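Student: Mind having a look at this structure? Questions to follow.
Quick note: the coordinates plus some simple rules give every number you see, no bench work behind them. Just so we're clear, the structure is a prediction, and the values are computed from it rather than from any experiment. Neighbour counts are summed over all protein chains in view; Cβ atoms, including those assigned to glycine, are modelled from backbone coordinates with ideal geometry.
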There are 2 protein chains.
Amino acid sequence: MVSQNYKDMLGAKSVIRQMSEWAAERAKEIGRANVFDFSLGNPSVSVPQAFTDKMTELLKTRDTMELHGYSQSQGIPSVRAKFAEFLNQAFGMTYTAEHIFMTTGAAGAVAHAVRAVTQPGDEVITFAPYFPEYNHYVNQTGAVLKVVPADTKQFQINFEALEKMLNPKTMALLVNTPNNPSGTVYSTETIERLAQLLEEKQRVYGHDIFLISDEPYRDIIFDGVDAPYISKYYDNSLSCYSFAKSLSIPGERLGYIAANPKCTDSTLISPMCAQISRGIGHNCPPSIIQIAVSEVLGLTSDLSVYETNMKIIYEELVNLEFEVVKPGGTFYIFPKALEEDSVAFCKKAMNYDLVLVPGDTFGCPGYFRMAYCIETEKVQRAMPALRRFVEQEYKH
Amino acid sequence: MVSQNYKDMLGAKSVIRQMSEWAAERAKEIGRANVFDFSLGNPSVSVPQAFTDKMTELLKTRDTMELHGYSQSQGIPSVRAKFAEFLNQAFGMTYTAEHIFMTTGAAGAVAHAVRAVTQPGDEVITFAPYFPEYNHYVNQTGAVLKVVPADTKQFQINFEALEKMLNPKTMALLVNTPNNPSGTVYSTETIERLAQLLEEKQRVYGHDIFLISDEPYRDIIFDGVDAPYISKYYDNSLSCYSFAKSLSIPGERLGYIAANPKCTDSTLISPMCAQISRGIGHNCPPSIIQIAVSEVLGLTSDLSVYETNMKIIYEELVNLEFEVVKPGGTFYIFPKALEEDSVAFCKKAMNYDLVLVPGDTFGCPGYFRMAYCIETEKVQRAMPALRRFVEQEYKH
């Protein structure tokens, strides 16, 4: 019999999706070039030619049965070893292949990580503003997602609220830095304070508290920003990564979990995740993509475009007297709206062909997100529209 | 805190895995060519050159952002439309894109299908001998897998036992034809009888009973065999397919669910599956593989090798007086062991460098599986070893 549970979920369309559908409709009327769509977080810079060349070379030179054959359920062993070595070089860690579990993107990584370190009824804490899919990744395991209100001053961590929320049922924290939607990066100071607090609570509660670190934007860091690698600061860390943004290949679904070698049961996390995969019928990301990416590790798309776009928008927002924290990475910015109701604010913006997403979606009403993974030329053309919107609606 | 549930699962290694590990060890001693490993169901015929050419062409000609970009959560719309049209041509169905949900292989398809049509506590019935991963696909949803004992005469359906097992809690049946491990194909007579019985039970129980049809071997059918397309015979059918075997690309994880246009909520199944994917953090199979396969639909590897291998083995088994049903497809055969304890039988076979899998693994003790997806030359060389094994162990 058709499941009422999943059927009931069909009604609720995400706000981002609604905004983007409106943008598509509007594009039919006035042309795509004239709709300033800041709603979707899709990479906008080309896949590097070296990745395409590597794929082509593999297809030409490798035995097809090896190239397209089953990978082991934790991922292709040689690929896992390469990723471990790459992380060790980049961040001074001591991973081995045993600590790496290959996933379908960061989504698969976070959802597996939550299952690996919680039981139904446990609490997982995240921090507003946050990626709304976290609700699904956590709640469908039977665990409960708790959200710490935002530190709207700097979009670091609201420690006062966090301390109140921590309790013996807290089994994991889920952090996302560089952050979607705020664009901010947790500083070394923030991470050190968080690590210290969690270590203390582990002692008090007498059990592990895992830090699940969702890091798909790890490679999009702007000039001079302090961007610590979380696992260096806290032993019970699981780093969740994706190549979607760094190589502009979101559709190929490749990511991994790297379990800190010092975490509890560090070499069991990956085989446990393989058991989790069995139950959802989902074994391994695609072989050819695993192999191709492992042979171009360190390669990225031209990510500098995002910083260029950020600077244009940030400057104009400051000129227009928005309250806004300068992003340290990603392709998002999260200013305060000019009225309390950010949904109303974003609706008015549509009259100026600006597609913005209200902060309510991210657990932080009163703010709005702009995703600037679009052509720089378009970002520039959007600024007069933004100015018109602000002046006509809020400064008459 | 690390989940005890998944940790507990780590101890249990599958028998197939143990056999195959023994085979790998033995290969180090006497050379891979001399171990007659019939344990693993991996395709052994090359990926068709036309598939490799298509992949290369896509990499050369398509915009990389389109080729590697996010696919929608139900799959790429144009790909879904092509698959629907292909099925309509092949089987006289009336699918549209709306009925197709793209999955990571048949595993993803079956696991999603079970979630879509059951609630925790519901019963799902399958038929021995059966693929042991079904236990995981079903039980991890909270539903309960019930197994109808085998019809060991023909490996069709034991209807008497099925009728006893059906009850108002039965919400789905899970069938696999052509069958792993028996290699047999359900006849039109079997399917018609099954459909009739389920329709009657739907009326009596007053609710839908879905037929989840796991069809990864649909294209490996031997000459002259009656191989009906299940959805033509029963409205509440969900066909689960994979390209792993037909194109020899198991590592690329591509499959789909095709919901019968006449089933209850037929156009809701795919969007519901997209909601299921959200909760497990697993969105869509890889874009480039979706696109490439959709452009070579109907293409298969040279599957005739499997029939050649089957004939060699079947003939020798008959000569050796095994009780065995002639396979109608797949690359498996499932003879009766020469002693009651098929685990003991398979262990003795290892002394002759023959790697066989006991039927216990498939819910059918007393039988054993041979997977003949290996080189024909090796199959031929294995026959004298099989004869020696039988004569020395059982005919002295």
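Student: Report, by chain and number, residues whose modeled amide H sits under 5 Å from the one on B:Thr103, excluding near sequence neighbours (fewer than 5 apart, same chain).
Tutor: When sequence neighbours closer than 5 places are left aside, the close amide H contacts are B:Gly255, B:Tyr256, B:Ile257.
Student: Report Rg (one decimal) and Dmax (nearest whole number) for segment A:276-329, counting Cα atoms only, units Å.
Tutor: That works out to 19.8, 53 Å for Rg and Dmax.
Student: Bin width 10 Å, alpha-carbon pairs only: give the P(r) of segment B:236-281 as whole percents, running from 0 to the bin holding the largest distance.
Tutor: So the P(r) values, bin by bin, are 25, 40, 33, 2.
Student: Continuing with the same structure: What does the convex hull of the Cα atoms of segment A:115-162 come to per residue, in Å³, rounded to a whole number?
Tutor: 72
Student: Which semi-axis lengths, in whole Å and largest first, follow from the square roots of five times the eigenvalues of the Cα gyration tensor of segment A:340-396?
Tutor: Working from the Cα gyration tensor, I get semi-axes of 19, 16, 8 Å.
Student: For segment B:203-260 and segment A:338-377, what is the separation of their Cα centres, given in Å?
Tutor: Between the Cα centre of segment B:203-260 and that of segment A:338-377, the gap is 45 Å.
Student: How about segment B:139-218: which trypsin sites (Lys or Arg not before Pro) there are in a DSSP loop, with at most 11 other Cβ atoms within 10 Å of their Cβ?
Tutor: Here the trypsin sites (Lys or Arg not before Pro) that fit, given the DSSP loop and packing criteria, are B:Lys153.
Student: When the C-alpha atoms of segment A:1-41 are aligned to their principal axes, what extent does each axis show, in angstrom, from largest down?
Tutor: The principal-axis extents, from largest down, are 46, 19, 11 Å.
Student: Moving on to the next point. What is the sum of charges around A:Thr64, taking Lys and Arg as +1, Asp and Glu as -1, for the other residues whose C-beta is under 12 Å from the C-beta of A:Thr64?
Tutor: -2
Student: To continue, here is another question. Could you state the angle between the C-alpha long axis of helix A:269-280 and the longest principal axis of the C-alpha atoms of chain A, as a value from 0 to 90 degrees rounded to the nearest 10?
Tutor: It is inclined by approximately 70 degrees.
Student: Relative to the longest principal axis of chain A, what angle (0 to 90°, nearest 10) does the C-alpha long axis of helix A:304-319 take?
Tutor: Once rounded, the angle reads 40 degrees.
Student: Can you give the % of DSSP beta bridges in chain B that are antiparallel, to the nearest 5?
Tutor: Details: 15 of 35 bridges.
Just about 45 percent of them are antiparallel.
Student: Under 17 Å from a point 7 Å along the Cα-to-Cβ line of A:Lys262: which residues of segment A:229-244 have their amide N that close?
Tutor: Zone members listed by number: A:229-239.
Student: Over the protein assembly as shown, what is the percentage of antiparallel beta bridges among all DSSP beta bridges, to the nearest 5?
Tutor: Beta bridges within the protein assembly as shown, antiparallel portion: roughly 45 percent.
Student: Next question, about the same structure. Could you pull out every residue, at least 5 positions away or on a different chain, whose amide H is within less than 5 Å of the one on A:Phe127? Hs are placed 1.01 Å off N in the peptide plane, and Pro or chain starts have none.
Tutor: A:Val148
Student: I'd like the Kirkwood hydrodynamic radius of segment A:255-381, using the inverse of the mean 1/r over distinct C-alpha pairs, in Å. The partial results should precede the final answer.
Tutor: Working: mean 1/r = 0.0547 Å⁻¹.
About 18.3 Å for segment A:255-381.
Student: Using the Kirkwood radius over Cα pairs, work out the Stokes-Einstein diffusion coefficient for the protein assembly as shown at 20 °C and 1.002 mPa s, in µm²/s as a whole number.
Tutor: After rounding, the answer is 77 µm²/s.
Student: Between A:Glu200 and B:Leu10, take the C-beta separation as r, use R0 = 30 Å, and let me know the FRET efficiency to the nearest 0.05.
Tutor: Result of the calculation: an efficiency of 0.45.
Student: Once the mean 1/r over all distinct Cα pairs of segment A:140-190 is inverted, what Kirkwood radius in angstroms do you read off?
Tutor: After inverting the mean inverse Cα-Cα distance, the result is 12.3 Å.
Student: List, shortest first and in nm to one decimal, how far the label point of B:Glu163 (7 Å from Cα along Cα→Cβ) is from its counterparts in the other copies.
Tutor: Here B:Glu163 shows inter-copy label distances of 7.2 nm.
Student: Going through the cross-link list A:Lys146/A:Lys311; B:Lys245/B:Lys347; A:Lys60/B:Lys28; A:Lys326/A:Lys347; B:Lys146/B:Lys262, which pairs have a Cα-Cα distance over 32 Å in this structure?
Tutor: Working: A:Lys146/A:Lys311 34 Å; B:Lys245/B:Lys347 28 Å; A:Lys60/B:Lys28 30 Å; A:Lys326/A:Lys347 24 Å; B:Lys146/B:Lys262 26 Å.
From A:Lys146/A:Lys311; B:Lys245/B:Lys347; A:Lys60/B:Lys28; A:Lys326/A:Lys347; B:Lys146/B:Lys262, over 32 Å: A:Lys146/A:Lys311.
Student: Could you state, as a whole-number percent, how many of the C-alpha pairs of segment B:199-325 are farther apart than 26 Å?
Tutor: Numbers: 3270 of 8001 pairs.
Distances greater than 26 Å cover 41 percent of the Cα pairs.
Student: Below 13 angstrom from the Cβ of B:Met102, what's the summed charge of the other residues (Lys, Arg +1; Asp, Glu -1)?
Tutor: +2
Student: Turning to a different aspect of this structure: How much FRET efficiency would the formula 1/(1 + (r/R0)^6) give for B:Leu297 and B:Asn34, where r is the Cβ-Cβ distance and R0 is 45 Å, rounded to 0.05?
Tutor: The pair B:Leu297/B:Asn34 has a calculated efficiency of 0.65.
Student: Rounded to the nearest 500 deg cm²/dmol, what is the calculated helix-only ellipticity per residue at 222 nm for the protein assembly as shown, with -39500 (n - 2.57) per DSSP H run of length n ≥ 4?
Tutor: Mean residue ellipticity, 222 nm, calculated: -12500 deg cm²/dmol.
Student: Taking the square root of 5 times each eigenvalue of the Cα gyration tensor, what semi-axes in Å does the equivalent ellipsoid of segment B:15-144 have, largest first?
Tutor: Working: eigenvalues 217, 156, 43 Å².
The equivalent ellipsoid of segment B:15-144 has semi-axes of 33, 28, 15 Å.
Student: Here's another thing I want to ask about it. What does the net charge come to around B:Gln89 if you take all other residues with beta carbon closer than 15 Å to its beta carbon, with K and R at +1 and D and E at -1?
Tutor: Net local charge, B:Gln89 excluded: +1.
Student: Determine ³J(HN,Hα), in whole Hz, for all residues of segment A:242-257 in sequence, where each value follows from phi through the Karplus function 6.51 cos²θ - 1.76 cosθ + 1.60 and θ = phi - 60°; x replaces Gly and Pro.
Tutor: 9, 8, 4, 8, 6, 10, 6, 10, x, x, 8, 6, 10, x, 7, 9
Student: Just A:Ala33, A:Ala195, A:Ala107 to compare: in a GNM of chain A, with alpha carbon springs under 10 Å, which one fluctuates most?
Tutor: Of A:Ala33, A:Ala195, A:Ala107, the Gaussian network model singles out A:Ala33 as fluctuating most.
Student: Can you give me the angle between helix B:77-91 and the longest principal axis of chain B, using Cα atoms only, in degrees from 0 to 90, rounded to the nearest 10?
Tutor: 60
Student: A follow-up question, please. Go ahead and collect, in residue order, the members of segment A:362-380 whose backbone nitrogen is under 13 Å from a label point 7 Å along the Cα-Cβ direction of A:Ala27.
Tutor: Taking a point 7 Å out along Cα→Cβ of A:Ala27, the residues of segment A:362-380 whose backbone N falls under 13 Å are A:374-375.
Student: When N is the residue count of segment A:11-63, what does its C-alpha Rg come to as a fraction of 2.2 N^0.38 Å?
Tutor: Cα Rg divided by the expected 2.2 N^0.38 Å: 1.82.
Student: Over segment A:78-208, with a single point scatterer placed on each C-alpha, what log10 of the ratio I(q)/I(0) does the Debye formula yield at q = 0.12, 0.18 1/Å?
Tutor: Here the Debye-derived log intensity ratios amount to -0.53, -1.18.
Student: From the P(r) of segment B:161-220, can you give the percent of Cα pairs sitting at distances over 19 Å?
Tutor: Tail fraction, whole percent: 34.
Student: Among A:Asn42, A:Asn351, A:Asn180, which one shows the highest mean-square fluctuation when chain A is modelled as a Gaussian network with alpha-carbon springs under 10 Å?
Tutor: Sorting by GNM fluctuation, first place goes to A:Asn351.
Student: Per-residue Cβ counts within 10 Å, from other chains only, averaged over B:104-117: what number is that?
Tutor: Whole-number average of other-chain Cβ neighbours for B:104-117 is 4.
Student: Residue by residue through B:352-364, how many Cβ atoms from other chains fall within 10 Å of the Cβ on average?
Tutor: 0
Student: Continuing with the same structure: Can you bin every Cα-Cα distance in chain B into 20 Å intervals starting at zero and give me the percent of pairs per bin, rounded to whole numbers?
Tutor: In order of increasing distance, the bins hold 27, 57, 16, 0 percent.
Student: Could you compute the FRET efficiency for A:Glu340 and A:Arg381, with r as their C-beta to C-beta distance and R0 at 30 Å, rounded to 0.05?
Tutor: With R0 = 30 Å, the Cβ-Cβ based efficiency is 0.55.
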